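Asks: Take a look at the following structure, please.
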């Protein structure tokens with residue numbers, strides 16, 4: 001079996017720990033670990049383990065001690081807020097044989113930002129004596145850095161924007177003491193509307209290449225490392241080239257964004273069951289106003305008729321979820337929004353509303369370029385309401401990509 | 001310190017493990033652990049630990065052995081696909097002293113679904129001899145259940161919709177062998193547009209109540225357990241009642257959904273910088289068509305003028321990001337969409353486009369009920385483009401809630 005493995009003996013062992021019942025109780029997905037790991041992975045580090053531990057003394061102390069024993073670097077998030085459910089500071093003092101001390105410099109900085117009467121100023125300025133505070137420009141709790149012999153322990157706030165603001169400083173300290181390994185030459189490819197298994201079958205011809213296949217809803221990312229990377233890349237590009245898309249971030253919306261800007265095309269969407277989700281994805285990248293003009297979220301039939309000029313008899317005869325309706329939606333959209341490219345989506349996201357003929361998960365799509373005929377299709381997606389919506393958004397983005405890339 | 005702690009000695013110890021480099025490399029956030037933990041938490045279970053481990057024999061075996069030693073129940077996700085980067089099956093055989101065997105029943109079921117010529121049919125039908133396969137209605141890899149003495153080990157596919165489809169069977173086996181503890185009487189409250197610290201300060205009057213504070217972008221969830229829950233709940237409702245919202249799922253969109261339906265109001269949005277995000281949130285709950293008619297995503301000024309009847313001179317004089325513009329947007333929206341309630345949002349999400357007068361993060365809002373005057377405001381949000389958009393969406397939803405709840 002081939003894999004994106006730790007290979008050398010000199011790899012830095014890194015564990016990322018989330019502290020807090022909000023993660024353990026499933027209330028908050030652990031996006032902090034994903035953020036941290038993604039950045040470290042891109043620099044060439046490999047992460048040995050993610051852990052989430054409760055806001056509770058015994059298991060937290062035990063988990064932190066275990067991590068510090070096994071790893072070179074431990075990066076924790078959460079548990080530093082000023083509020084009554086945060087206990088981490090005291091536990092960190094115990095863990096590092098420190099006393100809790102008031103940091104005058106941290107207090108001064110907080111006073112300057114928040115005024116003299118900010119409640120709990122002293123609590124937020126108190127940390128274990130062995131900790132170096134890391135400035136938090138986005139919030140009140142500083143990050144903490146402990147140099148424990150050769151090992152590094154970082155403790156960052158759990159609020160993502162605060163953690164993200166402090167993280168560059170963590171990276172600076174980490175890279176100074178544990179430089180990242182030289183990067184292996186690899187390749188990352190993204191394919192839309194293709195099954196993981198087809199890519200897998202093609203890649204079996206390259207047993208020396210380490211392969212990572214990451215299926216998403218509607219597209220697959222392939223990472224290649226090790227030997228024969230270039231040959232494997234060429235084989236995939238040759239076999240599935242019409243489904244290959246370019247996106248540094250690995251997202252369909254970025255691929256559409258780049259394709260529109262490169263081809264100087266403007267775009268709009270007419271969304272029913274996706275309710276604005278296609279548009280929201282298209283504005284995630286800065287500079288979207290260069291190609292994206294706007295959308296009509298036509299959730300009700302009245303809006304489909306009034307704004308998109310869908311014929312009431314089409315709705316009556318074929319229903320709102322029909323290829324006839326989405327074709328009229330996209331035909332109405334392009335002149336209304338004065339754009340070059342558009343997509344229309346109408347479907348039954350569920351959990352109710354399905355019929356024998358059109359079960360839940362049935363979604364119709366029409367994509368169109370100005371001056372050409374619409375391209376339409378009907379798909380049946382499995383899964384929850386959220387999954388049907390997510391897959392519909394991805395399919396709509398892929399349909400846009402197809403008409404932009406293939407109909408040049 | 002008060003907390004949502006494990007208290008009894010009879011609590012079932014449960015660990016949720018994600019297997020795979022896609023989680024460890026930060027490529028995929030560990031939403032499976034959140035899904036599983038949320039359901040278990042609601043049933044009264046407490047989760048001892050989340051872990052993510054690599055697709056690699058030594059650390060994976062070590063991690064699984066450690067978990068099985070420490071816990072009563074271990075639930076793994078990932079590593080069961082048919083593709084070349086999945087190694088879990090062999091490791092599970094080693095872990096449980098099993099041989100790998102072809103399950104004829106699983107193979108037959110797969111053949112019925114996928115045909116005789118589905119590639120890798122044998123691989124997907126092979127599992128350790130001590131495993132009981134758990135039927136996967138959504139995909140090809142069955143889940144695996146191991147009864148190891150008194151301990152339970154579940155291994156589920158990593159694709160969320162497949163894992164979610166198998167999970168009810170996991171819950172059935174778990175509840176039969178480890179019944180959940182009797183639920184403590186608790187309370188969950190949600191407040192919008194309020195600082196965590198204000199809630200915290202009020203809750204210090206109830207030292208015997210165990211408090212969990214979960215800040216989100218734009219709202220805070222409070223969980224109360226233990227003693228004096230009712231008194232603490234009343235105190236918070238009294239002090240911050242105008243900011244309290246009702247939502248079983250703890251989301252502003254559900255609160256707006258319920259408030260609209262209860263008050264028989266229809267709704268639409270006019271979105272610029274949020275690009276459809278408010279609308280997409282409003283259709284997440286089934287039955288949205290009862291109140292939500294649609295939206296105009298007016299990303300460009302032309303669309304603001306053409307569809308929402310914003311005066312070109314307003315855009316020229318005050319700019320697209322101004323209270324004057326959002327007020328005209330919402331005034332144009334209500335008659336266009338023929339709705340009772342609407343909200344308009346226009347802002348600078350960044351990272352560029354800011355000025356000295358209107359820095360990045362400046363966002364203007366106007367909410368309006370038919371026949372009343374618009375309520376408008378300007379906020380400055382910190383953080384990344386994604387954070388500004390997310391906070392703008394939450395603030396727009398909160399503004400809608402306010403005019404629906406308070407202007408009755």
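Asks: Scan B:187, B:239 and give me the residue that is farther than 20 Å from residue B:399 by Cβ and out of contact with any strand residue (DSSP E or B) (no Cβ under 6 Å at 6 or more places or on another chain). Lay out the reasoning, then the answer.
Replies: Details: B:187 fails: out of contact with any strand residue (DSSP E or B) (no Cβ under 6 Å at 6 or more places or on another chain).
Result: B:239 is the single residue among B:187, B:239 that is farther than 20 Å from residue B:399 by Cβ and out of contact with any strand residue (DSSP E or B) (no Cβ under 6 Å at 6 or more places or on another chain).
Asks: Out of B:326, B:363, report the one residue that is more than 18 Å from residue A:300 (Cβ to Cβ), in the same structural domain as residue B:379 (by TED's automatic domain parsing) and assigned to a strand (DSSP E or B). Even if it seems obvious, please write down each step before you answer.
Replies: Values: B:326 fails: assigned to a strand (DSSP E or B).
The unique qualifying residue is B:363.
Asks: Any chance region A:337-355 includes a residue that's over 27 Å from the mean Cα position of the chain (by Cα), modelled with pLDDT under 95 and away from every other protein chain (no Cβ under 14 Å)?
Replies: yes
Asks: Here's another thing I want to ask about it. Let me spell it out: the conditions are (1) assigned to a loop (DSSP other than H, G, I, E, B); (2) not assigned by TED's automatic domain parsing to the domain that holds residue B:362, and residue B:265 meets all of them except one. Which number is the exception?
Replies: It fails just one condition, (2).
Asks: Please verify whether region B:301-314 includes one or more residues that are at the interface with chain A (Cβ under 8 Å from one of its Cβ atoms), surrounded by 20 or more Cβ atoms within 10 Å (Cβ to Cβ) and under 21 Å from residue B:389 (Cα atoms).
Replies: yes
Asks: When you look at residue A:332, is it assigned to a loop (DSSP other than H, G, I, E, B) and in the same structural domain as residue A:277 (by TED's automatic domain parsing), yes or no? Before you say what the answer is, go through the steps one by one.
Replies: Working: assigned to a loop (DSSP other than H, G, I, E, B): no; in the same structural domain as residue A:277 (by TED's automatic domain parsing): yes.
Spelling it out, it is not the case that residue A:332 is assigned to a loop (DSSP other than H, G, I, E, B) and in the same structural domain as residue A:277 (by TED's automatic domain parsing).
Asks: Same structure again: Of the numbered conditions (1) away from every other protein chain (no Cβ under 14 Å); (2) closer than 19 Å to residue B:288 by Cβ; (3) free of Cβ contacts under 8 Å to residues at least 40 places away in the same chain, residue A:361 fails exactly one; give the number of that condition.
Replies: Residue A:361 satisfies every listed condition except (1).
Asks: Does residue A:213 satisfy the condition of being part of a strand (DSSP E or B) and at pLDDT below 90? If you could, list the steps in order and put the result at the bottom.
Replies: Values: part of a strand (DSSP E or B): yes; at pLDDT below 90: yes.
It is true that residue A:213 is part of a strand (DSSP E or B) and at pLDDT below 90.
Asks: Where residues in region B:90-125 are within 14 Å of chain A (Cβ to nearest Cβ) and at pLDDT 85 or above, which of them is farthest from residue B:52 (Cα to Cα)?
Replies: Of everything passing the filter in region B:90-125, B:100 is farthest from residue B:52 (Cα to Cα).
Asks: Six or more apart or on different chains, Cβ under 7 Å: which pairs go from a residue in region A:374-389 that's touching a residue at least 40 places away in the same chain (Cβ under 8 Å) and in the same structural domain as residue A:335 (by TED's automatic domain parsing) to one that's outside any loop (DSSP other than H, G, I, E, B) and surrounded by fewer than 18 Cβ atoms within 10 Å (Cβ to Cβ)? Could you list them?
Replies: Final answer for the pair search is A:376/A:323; A:378/A:323.
Asks: Would you be able to tell me the number of residues in region B:54-76 that are modelled with pLDDT under 95 and not in a helix (DSSP H, G or I)?
Replies: 3
Asks: Let me ask something else about it. Looking at region B:303-319, which of its residues are touching a helix residue (DSSP H, G or I) at 6+ places or on another chain (Cβ under 6 Å) and either assigned to a helix (DSSP H, G or I) or touching a residue at least 40 places away in the same chain (Cβ under 8 Å) (or both)?
Replies: Of everything in region B:303-319, those that are touching a helix residue (DSSP H, G or I) at 6+ places or on another chain (Cβ under 6 Å) and either assigned to a helix (DSSP H, G or I) or touching a residue at least 40 places away in the same chain (Cβ under 8 Å) (or both) turn out to be B:305, B:308, B:312, B:314, B:315, B:318.
Asks: Among the numbered conditions (1) more than 12 Å from every other protein chain (Cβ to nearest Cβ); (2) within 24 Å of residue B:253 (Cα to Cα); (3) surrounded by 19 or more Cβ atoms within 10 Å (Cβ to Cβ), tell me where residue B:298 comes up short.
Replies: Here residue B:298 meets the rest and fails (1).
Asks: Also: Do the conditions hold for residue B:319, that is, is it within 13 Å of chain A (Cβ to nearest Cβ) and either touching a strand residue (DSSP E or B) at 6+ places or on another chain (Cβ under 9 Å) or within 26 Å of residue A:296 (Cβ to Cβ) (or both)?
Replies: Judged against the criteria, residue B:319 is not a match.
Asks: A follow-up question, please. Looking only at region A:234-264, count every residue that is within 14 Å of chain B (Cβ to nearest Cβ) and surrounded by 17 or more Cβ atoms within 10 Å (Cβ to Cβ) and tell me the total.
Replies: Within region A:234-264, residues that are within 14 Å of chain B (Cβ to nearest Cβ) and surrounded by 17 or more Cβ atoms within 10 Å (Cβ to Cβ) number 9.
Asks: Pairs needed: first member in region B:150-178, free of Cβ contacts under 8 Å to residues at least 24 places away in the same chain; second member anywhere, in a helix (DSSP H, G or I); C-beta distance under 8 Å; at least 6 residues apart or different chains.
Replies: Short answer, once both residue conditions are applied: B:161/A:387.
Asks: For residues in region B:322-336 being more than 32 Å from the chain's Cα centre (by Cα) and within 14 Å of another protein chain (Cβ to nearest Cβ), which is farthest from residue A:305 (Cα to Cα)?
Replies: Per the criteria, the residue is B:332.
Asks: Let me ask something else. May I ask you to list the residues in region A:278-287 that are within 7 Å of chain B (Cβ to nearest Cβ) and over 15 Å from the mean Cα position of the chain (by Cα)?
Replies: A:279, A:286
Asks: Restricting to region A:265-277, name every residue that is touching a residue at least 40 places away in the same chain (Cβ under 8 Å) and either more than 10 Å from every other protein chain (Cβ to nearest Cβ) or surrounded by 24 or more Cβ atoms within 10 Å (Cβ to Cβ) (or both). Break it down stepwise before answering.
Replies: Of region A:265-277, the ones touching a residue at least 40 places away in the same chain (Cβ under 8 Å) are A:265-275, A:277.
Selection gives A:265, A:267, A:268, A:269, A:270, A:271, A:272, A:273, A:274, A:275, A:277.
Asks: Quick one: which strands (runs of 3 or more DSSP E) lie wholly within region B:103-206 and hold at least 3 residues that are touching a helix residue (DSSP H, G or I) at 6+ places or on another chain (Cβ under 8 Å)?
Replies: Correct list: B:126-128, B:143-148, B:151-156, B:187-192.
Asks: Check whether at least one residue in region B:379-399 is within 28 Å of residue A:163 (Cα to Cα) and in a strand (DSSP E or B), and report yes or no.
Replies: Yes - at least one qualifying residue is present in region B:379-399.
Asks: Can you name the residue in region A:48-77 that is facing chain B (nearest Cβ under 7 Å) and more than 20 Å from residue A:157 (Cβ to Cβ) and is also surrounded by the fewest Cβ atoms within 10 Å (Cβ to Cβ) among such residues?
Replies: Restricting to residues being facing chain B (nearest Cβ under 7 Å) and more than 20 Å from residue A:157 (Cβ to Cβ), the top hit is A:59.
The values are calculated or read from the model by the stated rules, or taken from the named source; none is laboratory data. This structure is a prediction, so every number in the text was calculated from the model and none was measured. Note: ideal-geometry Cβ built from the backbone for every residue, glycine included; neighbour counts use all protein chains shown.
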